[in-house]
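Read the structure below first, then the notes.
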Amino acid sequence: MATEKLSIVKAINASLRTALENDPKVIVMGEDVGKLGGVFRVTDGLQKDFGEDRVIDTPLAESGIVGTAIGLALRGYRPVVEIQFDGFVFPAYDQIVTQLAKMHARALGKIKMPVVVRIPYGGAIGAVEHHSESPESLFAHVAGLKIVSPANASDAYWMLQQAIQSDDPVIYFEPKRRYHDRSEVDTEAIPGPLHTARTVRQGTDLTLVAYGPMVKTCLEAAAAAAEEGRNLEVLDLRSISPIDFDAVQASVERTRRLVVVHEAPVFFGSGAEIAARITERCFYHLEAPVLRVGGYHAPYPPSRLEDEYLPGLDRVLDAVDRALAY
Amino acid sequence: MTVDSTAARKPRGGKRAGAKKPAAGAGEPELVQLLTPEGERVEHPDYAIDVTPEELRGLYRDMVLTRRFDAEATTLQRQGELGLWASLLGQEAAQIGSGRATRDDDYVFPTYREHGVAWCRGVDPTNLLGMFRGVNNGGWDPNENNFHLYTIVIGSQALHATGYAMGITKDGADSAVVAYFGDGATSQGDVAEAFTFAAVYNAPVVFFCQNNQWAISEPTEKQTRVPLYRRAQGYGFPGVRVDGNDVLACLAVTRAALERARTGQGPTFVEAFTYRMGAHTTSDDPTRYRRDEERELWEAKDPILRLRRHLEREGLADDEFFAALEAESDALAKRVRETVRAMPDPESTAIFENIYADGHALVDEEREQFIAYQASFADEESK
């Protein structure tokens, strides 16, 4: 068994390395991914070992990165492209939404689009604007895309392996504020299915649903609540498209209360989708309305205000209090 | 200072270029032309071409059949059989000339008007009509004839073409790619980004722009202040303007550009200077933005008439040939008409098909709900 304690950055790096080793058709491309090893060093050392032909420093053109990746996929390659920061994906949004997502359907299933778009996302790193956003809902709304977000190093490793092996385009959101969190990774394990949620803490009083960076926040909130005698369940969604509603439903049927937590603005966010579906599925089980905790309907604020904007322990616990007060 | 691109006209392979043809008019960039509007063969120092009488008749046949197919599609739209049609009328030489320059293992990325190129690639023309009839959003297997799906978003496919060409380089193959787009698309960022990527990676791609003078109602002057072919120079590869109504010149220039691509010399930008004689699509009304005189001017340069004059002048085709082609055109039109009319609406569950290669739980759930909902009407009826 090859178990190692790795940071999320190192786990993604190891995953890319494994993919490059196992399949000559896998290529890594993006801005600064080569010599520099990426601005977060996620691709560190890969170009040195696999060459400029497999780990490609691209021009600074996001639409070009995704658009040429589509062409490479049509030629039989499996590109893994890096968008440097969340807010920089929008120049490529057209290629992702109008082209990448629809190609398989337009060709009546005759061609496949095995492209992975890696996007470091989310805030709390004290960055300037366009470097801290959570645009996952904008992609989840588009049929043809799959969206995942790991919350720990093991998922970071395995979910990327599975995303690369998928014949569908996968948007892989990396929780950049958790990049240096370390946890066990077994690179020889047999991973579970990519699009299933996981219970990361069992509880009886209320279910907290989160993904990516907010899983840790919710675990901390559950630990704090436990001191007050409240037993919260925490579900790591892992996949945002599709969402494992069966797992959320099963949890809510036991706990009867649900709070959804994400960094993205609440308005039209993934929490709205989860609240609506779970209300439909669990109407007679619910003791309280499904509550959401997330960002405001405002541009991501300057970093001195991001602690106010982002869901922290207090805001999660406040929502828990409100849900339990019904 | 001159901004004129000379790269495409530089002598290659040690061969000295001959004297340049005089420019078409004061301030007008030179067009590569091998066949005058009167059907007279002329030589160009950089683009010598040897075409057999049989090949000439073949090019003529391609253009005539393509025009007939296009006319039939326009008629079918008027009769309500197609929701929309984008006619290529006037652009037959640009498409057949460039299309016939490609090899089977080359790959073509069209926009949505490349019916003539599709013809050259062996795509059954009736396959092109599904999208316009509304029975699918593409409708053919791109890998069957190395002819990608039509792309509606202007210029997106220039990047797909470039990426595909980068893949060819990686594979060590000697095939090449042609990306088609119009003059309007040159204003799009994706085309500029495609030029950047193609230049940086020396990708074996030919950017073939059919400058048909109009992007719906906007003339080329609304897209650019310099002749389009000169754009290439800024990216570091040659740009060349060819008479887009001259099938031989389009064949020769595209062939040379593909040869450059195959031999590792990178991309070329070809601007085929032509004219869209009809409307942008059947929804468009060109009388609102252009004058009849302009069309009449271009009708005199008709690509098909030009080659017919040449064939007749040189005695390369007889009445029997033209009569047989007429009959073949009629048969093609008849087949197209019958095939389109027989084209069934897709099954309603096609909404949920081929969205994902590996499946998606939400799609499965919604498909089941949809089927159950539809079945509920059947239950009502049987009561």
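D for the protein assembly as shown, whole µm²/s, Stokes-Einstein with Kirkwood Rh over alpha-carbon pairs at 37 °C and 0.692 mPa s: what number?
Details: Rh = 27.9 Å.
It comes out at roughly 117 µm²/s.
Beta bridges assigned by DSSP with both partners in segment B:203-359 are antiparallel in approximately 15 percent of cases. With no solvent and one equal point scatterer per Cα, compute the Debye intensity ratio I(q)/I(0) for segment A:128-179 at 0.26 Å⁻¹ and report its log10, rounded to two decimals. Those come out to -1.07, one per q. Please report the base-10 log of the normalised intensity I(q)/I(0) for segment B:252-383, using a Debye sum with one equal scatterer per alpha carbon and no solvent, at each q in 0.18, 0.22 (1/Å). With one equal scatterer per Cα and no solvent, log10 I(q)/I(0) is -1.17, -1.21.
For segment B:76-140, which whole percent of the accessible surface, found with a 1.4 angstrom probe, sits on carbon and sulfur atoms? Ligands and nucleic acids excluded, carbon and sulfur reach 39 percent.
Would you kindly work out the equivalent ellipsoid of segment B:310-369 from its C-alpha gyration tensor and give its semi-axes, the square roots of five times the eigenvalues, largest first in whole Å?
Details: eigenvalues 523, 46, 6 Å².
After diagonalising the Cα gyration tensor, the semi-axes are 51, 15, 5 Å.
Pairwise Cα distances in segment A:141-209 exceed 18 Å for 47 percent of all pairs.
Over 27 Å between C-alpha atoms is what I'm after, so list which of A:K25/A:K48; A:K48/A:K146; A:K112/A:K176; A:K35/A:K216; A:K35/A:K176 land there. Correct reply: A:K48/A:K146; A:K112/A:K176; A:K35/A:K216.
Computed over segment B:227-304, the alpha-carbon pair-distance distribution with 5 angstrom bins reads 3, 14, 18, 17, 16, 13, 11, 6, 2, 0, each value a whole percent. If the segment from B:D364 to B:D124 were pulled out straight at 0.36 nm per residue, it would be longer than the present Cα-Cα gap by 83.1 nm. Straightening the chain between A:E52 and A:R315 buys 90.0 nm, computed as 0.36 nm per residue apart minus the Cα-Cα spacing. For segment B:166-292, the fraction of alpha-carbon pairs lying more than 25 Å apart is 28 percent, rounded to a whole number. Equivalent ellipsoid of chain B: semi-axes from √(5λ) of the C-alpha gyration tensor, largest first, are 38, 26, 20 Å.
Nearest 100 Å² is fine: what is the total accessible surface buried where chains A and B meet, probe 1.4 Å?
Working: alone 14240 and 18370 Å², together 29060 Å².
Separately minus together, A and B give about 3600 Å² buried.
Rounded to the nearest 500, what is the protein assembly as shown's calculated 222 nm mean residue ellipticity when only DSSP H runs of at least 4 contribute -39500 (n - 2.57) each, over all residues? Taken over the protein assembly as shown, the calculation gives -12000 deg cm²/dmol. Using R0 = 41 Å, the C-beta based FRET efficiency linking A:F268 and B:Q79 works out to 0.40. Which values of log₁₀ I(q)/I(0), to two decimal places, follow from the Debye formula for segment A:88-167 at q = 0.27 Å⁻¹ with a uniform point scatterer at every Cα? Each listed q corresponds, in turn, to -1.38.
Could you check how much of the accessible area of segment A:1-147 is carbon and sulfur, as a whole percent, using a 1.4 Å probe? It would help to have the intermediate numbers written out before the result.
Values: 2670 of 5010 Å².
Heavy-atom surface of segment A:1-147 belonging to carbon and sulfur, 1.4 Å probe: 53 percent.
Start at zero, step by 5 Å, and the Cα-Cα distances of segment A:180-326 spread as 2, 10, 19, 23, 20, 13, 8, 4, 1, 0 percent across the bins. Its alpha carbons give segment B:73-119 an Rg and a Dmax of 12.6, 38 Å. Bridges between two residues of the protein assembly as shown, per DSSP, are antiparallel at a rate of about 20%. Size check on segment A:36-113: the Cα extents along the three principal axes, sorted descending, read 40, 28, 17 Å. Using the Cα centre of segment A:169-326 as origin and beta-carbon charges of +1 (Lys, Arg) and -1 (Asp, Glu), tell me which of A:P213, A:H262, A:T279 is placed farthest towards the positive end of the dipole. In segment A:169-326, that residue is A:T279.
Among DSSP beta bridges lying fully in segment A:142-298, give the percent that are antiparallel, nearest 5.
Details: 5 of 20 bridges.
Within segment A:142-298, antiparallel bridges account for around 25 percent of the total.
Using the Kirkwood formula over every pair of different C-alpha atoms, what hydrodynamic radius in Å results for chain A? If you can, show how the numbers build up before the last one.
Values: mean 1/r = 0.0499 Å⁻¹.
So the Kirkwood estimate lands at 20.0 Å.
The values are calculated or read from the model by the stated rules, or taken from the named source; none is laboratory data. Since this is a predicted model, take the numbers as computed values, not measurements. Don't worry about glycine lacking a Cβ; one is built from the backbone with ideal geometry, like all the others, and counts go over all protein chains shown. SASA here: full protein model, heavy atoms, side chains in, ligands and nucleic acids out. Shrake-Rupley method; radii C 1.70, N 1.55, O 1.52, S 1.80 Å.
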